[in-house]
Amino acid sequence: MVRTLCVNNLMRHYCTYFDSNYLTRGLITYETLREHSSREISLWVLCLDEKVHEFLSQAQFAGIKPIRLSDLEATDQALASVKESRSRAEYYFTCTPCLAKFVLDQNPEVSDITYIDSDLCFFDDPELIFSEIGENSIAITPHRFSDSNKYREQWGLYNVGFNYFRRDDDGLKCLNWWRDRCLEWCYDRLEDGKFADQKYLDDWPERFKNVKVLDHPGVNLAPWNVDGAHLSQSKNIFVNGKKLIFYHFHGLKKVKKTLFDPNWFIYKINPCNILISEIYQKYINKYAKNEFNALKYKVPLNTDQSNLREHIAQLPYWFSGNEKIECIYYVMSGRLFWLPASLPSRVIIETLRVFRRSYFFKVIKKRYFESYFLYYH
């Protein structure tokens, strides 16, 4: 796809963070954002380990501005002071508002900043989002939970995956308040109406002025809301009749060299063909390409791979035992197929071995399933 740039348009400024476990995903976020954006972009990346900073510095991607975690901590002593009291994930959550504030403080020419999670994939121009934001100072994204996931509202009405702050009194007041609260308390548990960096957003429409709650159904389509959405496709993918702007690949886990688990069973998703072939399969193809690019630069990467037997053994923890969906097996372009998690692990492992050797998949027996696996060959 060729990007059209309007010279008179201002640059869009984004920030995100990731460590080497998420490098391949972070690159997908950057590449698809840049591909689909009708404006030039700058993306400040907080590098949560030295491997990421080394890779980004070597690769010199257009528009990416790597920041060492130590540089952020040197500037924000209050952030550094809470590091020992938080787990790694909790400390990363605490960094979210601190990073956005750091970018604005260090770059007076930046008029606004948009924080994005590093596991997003853009399918259309994000200017559609900024048109909706208009002159507002703050923008937040509702989870829009599907019916089967409504109970998850206890962890937050809004998702931190896409947040916008304008450099004005209202935007800065909100961002500074959020940073202060996260420095006081930011833990991976529900406690006194708080959860991580996320549940603080619940009352922003009442607490602050000029807050826009984004209504577009194609913004932050994700496992927790996709089952309640209608997907269609012509040239573009549509969500309830509106263009899909970005999908949030929360929960996608690489459990073997070429085997991925989207964790759909957690969110009780019954996937349609568009979700399978046009969203997840394309994302996995990009994932594989970016892993290759990282190795090309000879940057050693961690992976989020785990032992397949152990991973399968953990699946029954999530099963309610009430779902009775007939298992359907797919083979798409020789790359992707589904396996029923209810099969014994020895059958799954043997099936994978046969499939990789013969390039075809034979249905062993129709069963009921509670989960899917995605396979990239």
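General observations
- The set of residues from the stretch 85-100 being polar (S, T, N, Q) and buried (at least 20 other Cβ atoms within 10 Å of the Cβ) comprises Thr94, Thr96.
- Restricting attention to the stretch 104-120 and to residues that are within 29 Å of Tyr283 (Cα to Cα) and not charged (D, E, K, R), the residue that is farthest from the chain's Cα centre (by Cα) turns out to be Ile113.
- Among the residues of the stretch 98-121, none qualifies, meaning not one is free of Cβ contacts under 8 Å to residues at least 12 places away in the same chain, over 26 Å from Glu54 (Cβ atoms) and polar (S, T, N, Q).
- Hits in the stretch 26-51 - residues which are of a type in the set (Gly, Ala, Ser) and either in contact with a strand residue (DSSP E or B) (Cβ under 7 Å, 6 or more places away or on another chain) or buried (at least 18 other Cβ atoms within 10 Å of the Cβ) (or both): Gly26, Ser37, Ser42
- Across the stretch 147-177, the number of residues qualifying as within 19 Å of the chain's Cα centre (by Cα) and in contact (Cβ under 8 Å) with a residue 12 or more places away in the chain comes to 12.
- Subset of the stretch 67-109 (residues that are hydroxyl-bearing (Ser, Thr, Tyr) and either at pLDDT below 95 or closer than 23 Å to Lys173 by Cα (or both)): Thr75, Ser81, Tyr91, Tyr92, Thr94, Thr96
- The stretch 173-189, residues that are crowded, with 16+ Cβ neighbours inside 10 Å, hydrophobic (A, V, I, L, M, F, W, C) and not in a loop (DSSP other than H, G, I, E, B): Cys174, Leu175, Trp178, Cys182, Leu183
- Taken over the stretch 220-253, the criterion of being more than 14 Å from the chain's Cα centre (by Cα), in a strand (DSSP E or B) and buried (at least 20 other Cβ atoms within 10 Å of the Cβ) is satisfied by Ile237, Val239.
- Within the option set Glu206, Glu135, being part of a helix (DSSP H, G or I) and either touching a residue at least 40 places away in the same chain (Cβ under 8 Å) or in the same structural domain as Tyr17 (by TED's automatic domain parsing) (or both) holds for one residue only, Glu206.
- For the stretch 185-208, the tally of residues that are out of contact with any helix residue (DSSP H, G or I) (no Cβ under 7 Å at 6 or more places or on another chain), closer than 15 Å to Pro142 by Cα and hydrophobic (A, V, I, L, M, F, W, C) stands at 1.
- When the stretch 74-93 is filtered for residues that are of a type in the set (D, E, K, R) and assigned to a helix (DSSP H, G or I), the ones remaining, listed by number, are Lys83, Glu84, Arg88, Glu90.
- A single entry from Ala62, Ala139 fulfils the requirement of being over 20 Å from His248 (Cβ atoms), touching a helix residue (DSSP H, G or I) at 6+ places or on another chain (Cβ under 8 Å) and not charged (D, E, K, R): Ala62.
- For the stretch 34-71, residues that are assigned to a helix (DSSP H, G or I) and closer than 24 Å to Asp124 by Cβ total 3.
- Search result, residues across the stretch 97-136 that are under 28 Å from Leu275 (Cβ atoms), touching a Cys at 6+ places or on another chain (Cβ under 9 Å) and of a type in the set (Val, Ile, Thr): Thr114, Ile116
- Every condition in (1) farther than 25 Å from Asn21 by Cα; (2) touching a residue at least 12 places away in the same chain (Cβ under 8 Å); (3) surrounded by fewer than 18 Cβ atoms within 10 Å (Cβ to Cβ) holds for Arg144 except the one numbered (3).
The values are calculated or read from the model by the stated rules, or taken from the named source; none is laboratory data. Bear in mind the structure is a predicted one, so any value in this text is a computation, not a measurement. Methodologically, a virtual Cβ is constructed for each residue, glycine included, from the backbone with ideal geometry; neighbour enumeration extends over all protein chains shown.
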